[in-house]
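The structure appears right after this line, and notes come after that.
The values are calculated or read from the model by the stated rules, or taken from the named source; none is laboratory data. The shown structure was predicted, so the numbers you read here are calculated from the model rather than taken from an experiment. Note: ideal-geometry Cβ built from the backbone for every residue, glycine included; neighbour counts use all protein chains shown.
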Amino acid sequence: MKMQPAISTVNLTKRFGGVIATDGVDLSVSSGEIRCIIGPNGAGKSTLFALLCGIHAPDGGEILLGGRDVTRLPAFRRVRLGLGLTFQTNRAYHNLTIAQNLEIARRRNSARVDSDALRRYQHAIGLFELDQLTDLPARALPHHQLQWLEIAMVLAGGPDVILLDEPTAGMSPEETMQTASVLRTLNGMGLTIVVVEHDIAFVREIAHRVTVLHEGRIFAEGSVAEITAHEDVRNIYLGRA
Amino acid sequence: MRLLHLVNGGEDLGRSRWFWIGFAAVILALVALPLYQTEFEASNASYYLLNIPLALGLSMLWGYCGILSFGQVAYFGIAGYAYGVIAGNLTETSWGPLVGSVGGLLLCAAVGAIFGYFVFFGRVQGWIVPILTLVFTLLLETFLGQTAGYQWRIGAVQLGGYNGMTGIPPFQIGNFIFQGYAFYFFALSLTVAVYFISRILMNAHFGKIMIAIREDVLRTETLGYDVRFYQLGVFVLAAMLAGLSGLLYVQWGNYITPSQVGLLPAALPVIWVAVGGRNRLLAVAIATYLLNWINYTLSEAGNQYAPVIMGALLLLVMLFFPRGIIVAIAELRWPWRRDVTPVSVQDRSA
Amino acid sequence: MDTLGLLASILYQFGTNAAFLLLAAIGLVVILGMMNIINLAHGELMMMGAYIATIVTHRGIPFPLAVLLAFLLVAMFGAALERVIIRRFYGHELGALVVTWGISLIMGQGTLLFFGPFMPSIGIPGGSFSLGAYSFATYWIVLIGVSAILIAALWWIYQNTRFGLMARATMQKAAMAEALGVNTDRVYMLTFALGSGLAGACGALLAPTVSISPLMGQQFVAPAFITVVVGGAANVLLGAIGSSLLLSAVKTPVGLLFGAFIGTVALLLTALIIIRLMPNGVSFYLQRFTERRVGA
Amino acid sequence: MATQIPKELETQAESGQAVERRTVVQGIGAAVAATALPKFGVMTRSTALAAESGPVKIGFIEDYSGNLSVYGLQKLHAAQLAIKEINEGKTLKGGPVGAGGLGAEANFAGKPPTIGIQGTGLPVVNDGGPKDHKDVVFAEDEDVLIDSGDKGILGREVQLIAPDGQSNNALWQQLARRLIQQDKVDVLVAGFASAEREAIRPIVDRAKQLYFYTNQYEGGVADANTFCTGPVCEQQVIPGVSYMVEKFGPRGYTIAADYNFGQLTAAWTRAFAPLVGGEIIGEEFIPLSVSEFSTVIARIQQAKPDWVMTLLVGQNQHNYYPQAAAAGLRLPMVSTVNMAQGYEHRRFKPPSLAGMHNAIQYQMEVPTNRNRAFVKRWMAMFPNDQYIGEMAQNTYFTIHLYAKAVRLAGTTDQQQVKKALESGWTIEAPEGAVFLEPGTHHCAHYIRLAVCDENHNVSFPRSWPMIQAWWLQRLGVNLIRHPEYKQYVPDEDPYFAMFLKNKSKKT
């Protein structure tokens, strides 16, 4: 299956003052894949995520979305081209109702939501048990459901690729597993998923491939099994963590 | 039908039948004002009313979209001066004031768009915007203040420096000149219209996006919205509403000075909006009317304590009703009220 | 000789302009820059300091002592204000803004009612000296030095004392500081008191050079806000120094060549442009610059 | 009871000699008084029939809070003092001297006295100096407050309605409307800043309200409903500048507040300095927000003038004086506002104001017996007051003047009172005699040169017992024959245009 990668970077570099946060990263995620990006604290995960989102502009290199160069595009244009994003901290609109949250998410991109995307969205709403709660203010939801709400909001825009930054942070093991299962289902419906993650259990559960970042570079890449077997990875990441 | 639904949306105070009955009663009382008030009192009431569009614009900009501006009076002044220049030069025709009004509003929109473009498309940080708008206002005041000389004459109209621009013609359609009671009705109908339009707008999807931006700029942007565009939009809208107030002001007083654009008048609208409750249009409108009325009443009495009383009032209101006194009153659990607490959009960004 | 005089004069004006901005801003640097309270009563705090200094100097107390007294009394007033009112408005800038506006109205008009519209001012201490055609006030030269000392002292407090450490921790992450055993409540109060006291002291220092009246504080408000905002939040102290120097560097030559009106306009325009071009303020770039130097 | 002519007028009419008690300027004949008085006799009789009752309402707006309160409070006290005296049956000396004065009966006003180089040596007599027929004659009264024989005005109590303008123009408009439309005041006395006057003048004109503006100002208001009782540029700038040129040398430098008053007064200075042998070598306009003056001081030092014209307004700009003094800038200064209005010499530590000259019409220190009596009366009523400024004195005599005019008209009907006021009045104010010129509604004043010394003591080395407000006459303004409602600016006078051109060439 030699397709155009869903999202990829070429020699992506970002400096903050004298510190190199991301150093020539070449990442390629194929369509239909679930990719996890892991690494110890300070490995450059957050910077890579911010670069992919469009929050920071890189100092060098390119970002391609579905083969198209989006390096210089602001975040909202990337979203309009089919990228979905959630953040480390929950950013659903806590003071709006669930219906309003979803409404705001849906309205902007309603034109580009195809039937597949719509099915994924409706499916997710059901799986996340959000369909009954529409008039509740979001802040009334328990933490894990807030996280789910945000994923649902992202799906409402009908993305081809979603980029999730620690989607299970703060969830119990059961909730984490539930999230993993929903994500697998969505992936089965044609969605490409990139997850920046800490939680190895969750990674084991969903990842097709894993990329390990260390000191701003890609240190290793491979299946979950390969990575967990990798001696150096254990040293830098699992060992010290 | 859909419009009615929007009018009755949840982004402003009052949705019940009793609320609308009360609302209608107040409007009726305002319409019938000439029956029980003198022309002079009506003229005062026009002054309280004509500040409301400015305050509503600031409410949308700040309360709903989260952008605080200290510079709304700049647009107030721009529209007033533009009207004075245009209408003052077209005194031969009866449509001069109309052209002047349109011109004033368009100029406000244009200046607001240019300033807003630099601010929002430059992604200036949120907390800097108020100061930036304030500096813009002070710059305008300094410039207008030194236009006393004869060289500052546009056509037949003298800008007039700190003494101000005098003899600005009143509003006129055809041969009908809006003065006294007529001007009162003109101001009243415009204010009510602006209120309803604002209310509809804030209840519509546009309003939801405003709130989304206030709540979380990044989230909104990463849902695919061009936040800058919406910020610019609401900024221009607020500028035009401030301009509308400016127009009404010069049509009311036939006069404008640069001190109208100074530090003190710049802070006043922020106070009105904050005291009422910034993310509720009706609360803002009521507070604007009442605060102007209180200030006038105190000064009319020639009371030297007026600023002290005003200051103490603000202090107490903010201490006990930090989200605005009108909002606090509206959300009291009245004994006769069925307990349907509407989902109110509270502020966390405060 | 006259070129020397001109040079000295330009340098002197540059210094006085910068010192004026710095003195107007220094209290606000603490309250707005560090605590994020938009303090519209800043001018009235300075007015209070000026009144205290003027009154006690008229009673025969030496001027430096009067400044110290102004610092202490206004700081105490600030602490009381913080306890009773301001503390309810942390993280709630809107409320703080309206409340401080209310306070400024009460203080301004209250002073008018109590002390009347004017108070005889105190003479400017120190004489003058001349160089070529130009003459200079000794007092302003002292003020330039004092403003430098004040900002340095503030810097020292925040870098080297326990209070400074706790204050910086509290301002960055209050919850974390609390967890580490810092009494953040107290830190807030002390910080507000320090900011008020500094405003009072600066008001006292400027008192001999201005007319003493209830609304005198208003003249400092706009310059103070502009200085702090142009300075930016990355490092407020560094920012205040940088922006006052920068704004003075624009205002002085322009004002000298084209007069006070163009000078004022140039200052406002510069502020507008800097805020637009450097949304993080001058301090962000200054800090990055110093960090780079250290890093290299 | 047909007509009740107040006792005061009766005595004057009987004796016909009231003139003697007044200051007389040669050229303004007393003869006109004789022609004028019978006319008013007729008017008085015809209008006294209109039954008027209740108190006479004086509408009075000033700023008791906000930026300008320092002036507003003084003016309020002046009004309260005047009204108390009127209600107690007192009045200032003086009466109508005739409408003929300066061509009020002609289609246009007479030409003003021209001032040439030779005019600078005009001999003037000081208080104790020799009096001969070529010179201006001046006689001093012990006190000018006399019984009017009328408690209140026409037997009606006088009431002051004095709301607070809060230094806010929009509020001023509301208050003016209220006083005119709601309270239906008989007269409006209001305004410190020119902006305030301009804010309410359209409202005044629409209602044809009788209105007094009592401040020193930049001049040029030609408004049939407005009477300006303060001095204007031509009365202050020319004497002041001519003295400076004579005493210190020709080169002057102007620093002025950057708004109407400052710009227009600077234009006067620029235009008239050459006529008295001077020259303005530099000019600078300073925004009202500026409060730190090191650059301005350096620019003056660079220019090396012989003297400085300071037209600084507002509390920010007053800072110039201590700052300039501290910087060792010790040039003689001349002004038309400072000292007399804001009493800077009392507020700033000496020697900030040392060397300040101002051709004033009044300030508290005026060394005459009648003024001492006035100050004493004032301080008895308001013991805590710090100073009595020029605009306070103006307000005081203006309200007395109004009372006299009503008594003459026999009614408070505003059109009649206006006519009465247009009969050419001289009133003996604390400053000296003031003549209200009918055609222009401006006053001729007694001008004194006030000089402030090292210790901030004020002396008056020279005085001009009567200087007219002649500029509007020069423009041909005659409000009796040709009512108009505007403010002239010097640019409309070709004479000034000449100098404005020169300026634009230079810069």
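Under 6 Å between Cβ atoms, which residue pairs at least 6 apart in sequence (or on different chains) link something in the range C:110-121 that is more than 7 Å from chain D (Cβ to nearest Cβ) with a partner that is assigned to a loop (DSSP other than H, G, I, E, B) and modelled with pLDDT of 85 or more?
Listed by first residue and then by second, the contacts come to C:T111/C:P214.
What are the residues in the range B:75-106 that are exposed (fewer than 15 other Cβ atoms within 10 Å of the Cβ) and farther than 18 Å from B:P53 by Cα, if any?
B:T91, B:E92, B:T93, B:S94, B:W95
How many of the residues in the range D:449-466 are in contact with a strand residue (DSSP E or B) (Cβ under 8 Å, 6 or more places away or on another chain), surrounded by 14 or more Cβ atoms within 10 Å (Cβ to Cβ) and modelled with pLDDT of 85 or more?
7
Does B:G63 count as more than 27 Å from B:L144 (Cα to Cα), touching a residue at least 60 places away in the same chain (Cβ under 8 Å) and in a loop (DSSP other than H, G, I, E, B)?
no
Answer yes or no as to whether B:Y64 is away from chain D (no Cβ under 13 Å) and among the hydroxyl-bearing types (S, T, Y).
yes
Please verify whether the range D:278-286 includes one or more residues that are closer than 23 Å to C:P120 by Cα and within 14 Å of chain B (Cβ to nearest Cβ).
No, the range D:278-286 contains no residue that is closer than 23 Å to C:P120 by Cα and within 14 Å of chain B (Cβ to nearest Cβ).
Pick from C:A224, C:A177, C:A148: which is assigned to a helix (DSSP H, G or I), among the hydrophobic types (A, V, I, L, M, F, W, C) and over 19 Å from the mean Cα position of the chain (by Cα)?
C:A177
Listed residues C:V210, C:V187, C:V265, C:V230; which is at the interface with chain D (Cβ under 10 Å from one of its Cβ atoms), of a type in the set (V, I, T) and more than 26 Å from C:S128 (Cα to Cα)?
Unique residue meeting the criteria: C:V265.
Between B:A267, B:A283, which is among the small types (G, A, S), modelled with pLDDT of 85 or more and under 16 Å from the mean Cα position of the chain (by Cα)?
Testing whether each residue is among the small types (G, A, S), modelled with pLDDT of 85 or more and under 16 Å from the mean Cα position of the chain (by Cα) leaves just B:A283.
What is the one condition in (1) away from every other protein chain (no Cβ under 12 Å); (2) crowded, with 24+ Cβ neighbours inside 10 Å; (3) over 29 Å from B:L218 (Cα atoms); (4) not aromatic (F, W, Y) that B:L50 does not satisfy?
Only one criterion in (1) away from every other protein chain (no Cβ under 12 Å); (2) crowded, with 24+ Cβ neighbours inside 10 Å; (3) over 29 Å from B:L218 (Cα atoms); (4) not aromatic (F, W, Y) is unmet by B:L50, namely (1).
For the subset of the range A:82-104 comprising residues that are buried (at least 17 other Cβ atoms within 10 Å of the Cβ) and closer than 24 Å to A:E33 by Cα, which member is nearest to the other protein chains (Cβ to nearest Cβ)?
My answer is A:L85.
Quick test for you: out of C:G15, C:G108, pick the one residue that is surrounded by fewer than 23 Cβ atoms within 10 Å (Cβ to Cβ) and out of contact with any Phe, Trp or Tyr (no Cβ under 7 Å at 6 or more places or on another chain).
C:G15
Search the range B:170-182 for residues that are among the acidic types (D, E) and pair each with any residue that is buried (at least 17 other Cβ atoms within 10 Å of the Cβ) when their beta-carbon atoms are under 6 Å apart and the residues are at least 6 apart or on different chains.
none
Based on what the data block shows, is A:L213 at pLDDT below 90, under 19 Å from A:Q88 (Cα atoms) and either of a type in the set (G, A, S) or in a strand (DSSP E or B) (or both)?
yes
Looking at the range B:127-142, can you tell me whether even one residue there is more than 11 Å from chain D (Cβ to nearest Cβ) and either in a strand (DSSP E or B) or among the acidic types (D, E) (or both)?
No: zero hits.
Anything in the range A:60-81 that is more than 8 Å from every other protein chain (Cβ to nearest Cβ) and among the hydrophobic types (A, V, I, L, M, F, W, C)? List them, or say none.
A:I63, A:L64, A:L65, A:V70, A:L73, A:L81 - these are the residues of the range A:60-81 that are more than 8 Å from every other protein chain (Cβ to nearest Cβ) and among the hydrophobic types (A, V, I, L, M, F, W, C).
Of all residues in the range C:180-221, which are more than 18 Å from the chain's Cα centre (by Cα), surrounded by 17 or more Cβ atoms within 10 Å (Cβ to Cβ) and under 20 Å from C:E82 (Cβ atoms)?
The answer is C:V182, C:T184, C:V187, C:Y188, C:M189.
Quick one: count up the residues across the range B:242-289 that are of a type in the set (S, T, N, Q), more than 14 Å from chain C (Cβ to nearest Cβ) and not in a helix (DSSP H, G or I).
Selection size over the range B:242-289: 2.
Give D:A162, D:A222, D:A199, D:A170 a once-over and let me know the one that is touching a Leu at 6+ places or on another chain (Cβ under 7 Å) and closer than 21 Å to B:L298 by Cβ.
Of D:A162, D:A222, D:A199, D:A170, the one residue that is touching a Leu at 6+ places or on another chain (Cβ under 7 Å) and closer than 21 Å to B:L298 by Cβ is D:A162.
Which one of these does D:S289 not meet: (1) of a type in the set (S, T, Y); (2) more than 12 Å from every other protein chain (Cβ to nearest Cβ); (3) under 23 Å from C:F20 (Cβ atoms)?
(2)
Yes or no: A:T9 assigned to a strand (DSSP E or B), β-branched (V, I, T) and either under 13 Å from the mean Cα position of the chain (by Cα) or over 25 Å from A:F202 (Cβ atoms) (or both)?
Answer is no for this residue.
Taking the range D:273-306, which residues are among the hydrophobic types (A, V, I, L, M, F, W, C) and assigned to a helix (DSSP H, G or I)?
D:L275, D:V276, D:V296, D:I297, D:A298, D:I300, D:A303
Could you check the range D:167-261 for helices (runs of 4 or more DSSP H) lying wholly inside it with 1 or more residues that are within 10 Å of chain B (Cβ to nearest Cβ)?
Counting at least 1 such residues, we get D:169-177, D:194-206.
For the structure I just gave you, tell me whether A:R35 is within 20 Å of A:L186 (Cβ to Cβ) and within 14 Å of another protein chain (Cβ to nearest Cβ).
It is false that A:R35 is within 20 Å of A:L186 (Cβ to Cβ) and within 14 Å of another protein chain (Cβ to nearest Cβ).
Go through the residues of the range C:190-208 one by one and say whether even a single one is in contact (Cβ under 8 Å) with a residue 40 or more places away in the chain and among the β-branched types (V, I, T).
Looking for residues that are in contact (Cβ under 8 Å) with a residue 40 or more places away in the chain and among the β-branched types (V, I, T), one finds at least one in the range C:190-208, hence yes.
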